[in-house]
Amino acid sequence: MGEPVRTSPPRHVTAASETTMDTLSRRRYLQRLDEDLDLSFEVLRRELMAICGVGCSTGIDGVELCKFGGNLMRSGASLSGFGGLNRRFGRVRRGEGWRMRCSMGNHNVVSPVELNVGLDCVEEESGHVLKFKMSDFVICDRVSIGLGGRGDELVFEAMVKDPDSPLYNSRVVLRRYTSSQAKRRGKRAIEVLKRLARRKLLYLSYSMQVHGYVAQSTSSDQNNAFTLVHGYHGSYSLRHWLQLSDWLPILEATLSLDEERVRRVGDDTVGGPAISRKLRLIRVLMRDLLIGVNYLHSHGLAHTELRLENLHISPLDRHIKVGILGNASDFYENTPNNGTQDGNVDRRKMMIAFDMRCVGFIMAKMVLRELMDPLIFTEFKSFLNKGNDPSCLREFLLPILSANSPSGNPGLQILDRNWGAGWNLLLLLLATGPYERISCLDALRHPFLCGPRWRVDSSIDLIRWGLGSTAIRITEEYIYGHQQRSRLAHIVELMEMLNPCPKPKNWLKFLPGRWRLVYCTGRHVGLTLRQPPTRVLIGDVRLNIARTPGKGCPFNITSDINFRTMNGLNWPHDKKGASGNLQVNSSFRLMSGKREYLAEEKAKRKHTLWPSDESSQKSPRKWRRASPFKDPPSSLPITNLAVGEIELTLKLDDLALRKVDSAQVVIQEVRVQVPPEMFDVSKLVCSTYIDSRLLILRGVNGSALLFTRSCR
């Protein structure tokens, strides 16, 4: 927050008002003088540490400075500079305070120096860490469910009854740590508090407030439990909010989502359908969470324990509070100037990537309620831990989400909005490579978290993602009229133009794997107006590509077609039948090539190379509307496929169909319904687009086959 704008007083002010303004000016001057003295003290302390090579470790009852790198007396440094600052601390008590121990590099004590600066005075000067007594509290007889701790923690709710305390009549939480590891977490929370509270506004808004600790009554209590005092931000954690059956209206009322509130996330409306309300609420929660995590990262800290249980929503300021920072880790193990700067940079990136992965898990649980089930979430994490690409998350989760919500899953609709922007953000948060994950600031600029009133300039990667998501959504509707087919053909054209891997060597990373056929721009043969000789229902059609050792044919390709055969002249109601499988094996090599396009005028006079393809001729008028280029390109780089001989294998579970004549009829029916390029892979000519999720291949007749990477 900046200082308020100062304006000149009006001419008709009275003498009393002038006296009041003079008093306010003196207070501002004294406050600014105190800030300057604080800065001078900090600069003096750092200069002294730099001269002497001092290492600093902060404790609870004071600050102990040790490990001088050189001789303090030879360096000419003096501690007399601290004497002038003692006047600011008021009364100095000798019973308790700081102890500064100075020693040489060989650990021989030069001269002990004790600065009797009281801890209470230091806390008064810092204004952050408070020291309490157990007599200052009245313990409540119950504890909220959202405050549950670990096995080595005891949690109490209490009211502060000390009239002299700034927290008088406030509800706080006493968290008592019993084990040695738990005590370290509590003391670490105090240390982190002293670093974060410098920017007090952000700390109070996005972090759980740690007020202080309960002082030990006697010296014999050193081995007893350590009790941390932190703020009370409601009885529920974010996990408990999401587990409520009517969580959406309750959270909307808690956050007071009025027009002014939603305007902060780029929206200008309230209410509406449940999907829009849920998306608006997720934007509010995710933006608060990312701002809080970025606040930690900007101070050189990683949370390392971001979970739904550690997030609370305060009903007072309506912000998400990031939980207790007892396990917060520093980005830099040593000072950045000690020769290990490269290692510290890698450590910083890895820690930020770990926090962003946790944020991705939180977002996935908020959007997809099915992931609140521990079994489904375990399967979800196992899918990512096996090294699968997060771009296949929709393909992996679609059977689970469709089974639980046949009429349409709300989370699936939210992630599919805005051309699949939600799936793209999940991809960036849960990327397999730590260095590929998005940062907090970039996530805040992502279109999924920006409302319709905010105009976001999409990157070329996001444009590719949107085109691919739109194509998949159209194919799932299975209404292949002329309008849908022309639209899909146009999307395929745009994707081929924006191919991120134009050279064959770039395909080696993405090409191996299992690809499921989702659409073909060629001829479609259905079952509505045709009486087939045998009833065959096609299932999943996949293309399995694997690298083989050797220089001649480095890739092995297998077309895997699953189907079901049904006996009789009529279709059974349940569409059940004997399973069958048809596999076509071959091998191929990659070679660079170029795809030439005929101009629109020449295409009318000459015979085109691919007459049956709807996307072989490019209209300049159509390309100007959806492409950053004025005119369509005359050619595009492609990757040619040199396919070898094929081998066909047929498997049938029905014994009656294993006769030669019956098997030929089944193969002929499968060949009619499946694109010819999948039945005979030697007809695949080139590949025009590939990324981590989608693949486009072209056949000899010019038709385009759109595949999505399969993970099952």
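Worth pointing out:
- Complete set of residues in the stretch 643-653 that are open to solvent by less than 100 Å² (accessible area, probe 1.4 Å) and touching a Leu at 6+ places or on another chain (Cβ under 9 Å): 643, 648, 649, 650
- Among the candidates 574, 560, 540, residue that is at pLDDT 85 or above, open to solvent by 30 Å² or more (accessible area, probe 1.4 Å) and either within 22 Å of residue 646 (Cβ to Cβ) or among the charged types (D, E, K, R) (or both): 540
- Taking (1) under 18 Å from residue 356 (Cα atoms); (2) in contact (Cβ under 8 Å) with a residue 24 or more places away in the chain in turn, residue 298 satisfies each apart from (2).
- Checking 394, 437 one by one, the residue that is under 21 Å from residue 708 (Cα atoms) and of a type in the set (Lys, Arg) is 394 and no other.
- Close pairs (8 angstrom Cβ cut-off, 6 or more residues apart or separate chains): on the phi < 0 side of the Ramachandran plot in the stretch 567-584, in a strand (DSSP E or B) and among the aromatic types (Phe, Trp, Tyr) anywhere: 579/563; 580/563; 581/563; 582/563
- Selection within the stretch 250-274 - within 17 Å of residue 319 (Cα to Cα) and either modelled with pLDDT of 80 or more or among the hydroxyl-bearing types (Ser, Thr, Tyr) (or both): 250, 251, 252, 253, 254, 255, 256
- When each of 549, 554, 532 is tested for being closer than 23 Å to residue 577 by Cα and either at pLDDT below 90 or exposed (fewer than 12 other Cβ atoms within 10 Å of the Cβ) (or both), the lone residue that passes is 532.
- Total residues in the stretch 666-695 satisfying the condition of being within 14 Å of residue 562 (Cα to Cα) and of a type in the set (Lys, Arg): the figure is 1.
- Single condition residue 277 does not satisfy, out of (1) under 30 Å from residue 150 (Cα atoms); (2) surrounded by fewer than 21 Cβ atoms within 10 Å (Cβ to Cβ); (3) at pLDDT 85 or above: (1)
- Verdict on residue 471 being more than 25 Å from residue 359 (Cα to Cα), among the small types (Gly, Ala, Ser) and open to solvent by 30 Å² or more (accessible area, probe 1.4 Å): no
- Residue that is nearest to residue 586 (Cα to Cα) [pool: residues in the stretch 654-671 that are open to solvent by 50 Å² or more (accessible area, probe 1.4 Å) and at pLDDT 85 or above]: 671
- Residue list for the stretch 486-502, filter: in contact (Cβ under 8 Å) with a residue 24 or more places away in the chain, open to solvent by 40 Å² or more (accessible area, probe 1.4 Å) and more than 31 Å from the chain's Cα centre (by Cα): 486
- Whenever a residue of the stretch 419-435 is over 12 Å from residue 384 (Cα atoms) and without any contact (Cβ under 8 Å) to a residue 24 or more places away in the chain, it has no partner that is polar (S, T, N, Q) and buried (at least 21 other Cβ atoms within 10 Å of the Cβ) lying with C-beta atoms less than 7 angstrom away and at least six residues away or across chains.
- Restricting the stretch 165-204 to residues that are of a type in the set (Phe, Trp, Tyr) and in contact (Cβ under 8 Å) with a residue 12 or more places away in the chain, the residue that is farthest from residue 135 (Cα to Cα): 203
- Hey, residue 670 farther than 20 Å from residue 507 by Cβ, in a helix (DSSP H, G or I), within 44 Å of the chain's Cα centre (by Cα) and touching a residue at least 24 places away in the same chain (Cβ under 8 Å) or not: yes
- Verdict on residue 451 being farther than 16 Å from residue 417 by Cα and of a type outside the set (A, V, I, L, M): no
- Any hit, the stretch 496-503, residues being out of contact with any strand residue (DSSP E or B) (no Cβ under 8 Å at 6 or more places or on another chain) and part of a helix (DSSP H, G or I): no
- Criterion (in contact with a Gly (Cβ under 9 Å, 6 or more places away or on another chain) and crowded, with 18+ Cβ neighbours inside 10 Å) met by exactly one of 465, 454, 423: 465
- Single residue of 380, 354 found to be aromatic (Phe, Trp, Tyr), crowded, with 22+ Cβ neighbours inside 10 Å and modelled with pLDDT of 90 or more: 380
- The residues of the stretch 680-693 that are in a strand (DSSP E or B) and in contact with a strand residue (DSSP E or B) (Cβ under 6 Å, 6 or more places away or on another chain), listed by number, are 684, 685, 686, 687, 688, 689.
- Checklist (1) loosely packed, with under 11 Cβ neighbours inside 10 Å; (2) of a type in the set (S, T, N, Q); (3) touching a residue at least 60 places away in the same chain (Cβ under 8 Å) applied to residue 245, failing item: (3)
- From the list 677, 645, the one residue that fits, being assigned to a helix (DSSP H, G or I), of a type outside the set (A, V, I, L, M) and either more than 15 Å from residue 543 (Cα to Cα) or touching a helix residue (DSSP H, G or I) at 6+ places or on another chain (Cβ under 6 Å) (or both), is 677.
- Residue check, residue 429 within 30 Å of residue 345 (Cβ to Cβ) and modelled with pLDDT of 95 or more: yes
This table checks each residue for (1) surrounded by 18 or more Cβ atoms within 10 Å (Cβ to Cβ); (2) touching a residue at least 24 places away in the same chain (Cβ under 8 Å); (3) closer than 30 Å to residue 192 by Cβ.
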residue: 251; (1), (2), (3): yes, yes, yes
residue: 257; (1), (2), (3): yes, yes, no
residue: 263; (1), (2), (3): no, yes, no
residue: 284; (1), (2), (3): yes, yes, yes
residue: 317; (1), (2), (3): no, yes, yes
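- Selection from the stretch 137-161 of residues that are at pLDDT below 90 and in a loop (DSSP other than H, G, I, E, B): 141, 142, 143, 144, 148, 149, 150, 151, 152
- Residues (among the hydroxyl-bearing types (Ser, Thr, Tyr) and touching a Leu at 6+ places or on another chain (Cβ under 8 Å)) located in the stretch 408-442: 432
- Those helices (runs of 4 or more DSSP H) of the stretch 376-474 in which at least 3 residues are within 29 Å of residue 696 (Cα to Cα), considering only elements entirely within it, cover 393-404, 410-429.
- Screening the stretch 436-447 for residues that are surrounded by 15 or more Cβ atoms within 10 Å (Cβ to Cβ) and either hydroxyl-bearing (Ser, Thr, Tyr) or free of Cβ contacts under 8 Å to residues at least 40 places away in the same chain (or both) and picking the one that is farthest from residue 359 (Cα to Cα) gives 447.
- Whichever residue in the stretch 689-712 is of a type in the set (S, T, N, Q) and surrounded by fewer than 23 Cβ atoms within 10 Å (Cβ to Cβ) and, among such residues, is modelled with the highest pLDDT: 708
The values are calculated or read from the model by the stated rules, or taken from the named source; none is laboratory data. Since this is a predicted model, take the numbers as computed values, not measurements. Backbone-built Cβ (ideal geometry, glycine too); neighbour counts: all protein chains shown. The area values use the complete protein model at the heavy-atom level, side chains included, leaving out ligands, DNA and RNA. Shrake-Rupley method; radii C 1.70, N 1.55, O 1.52, S 1.80 Å.
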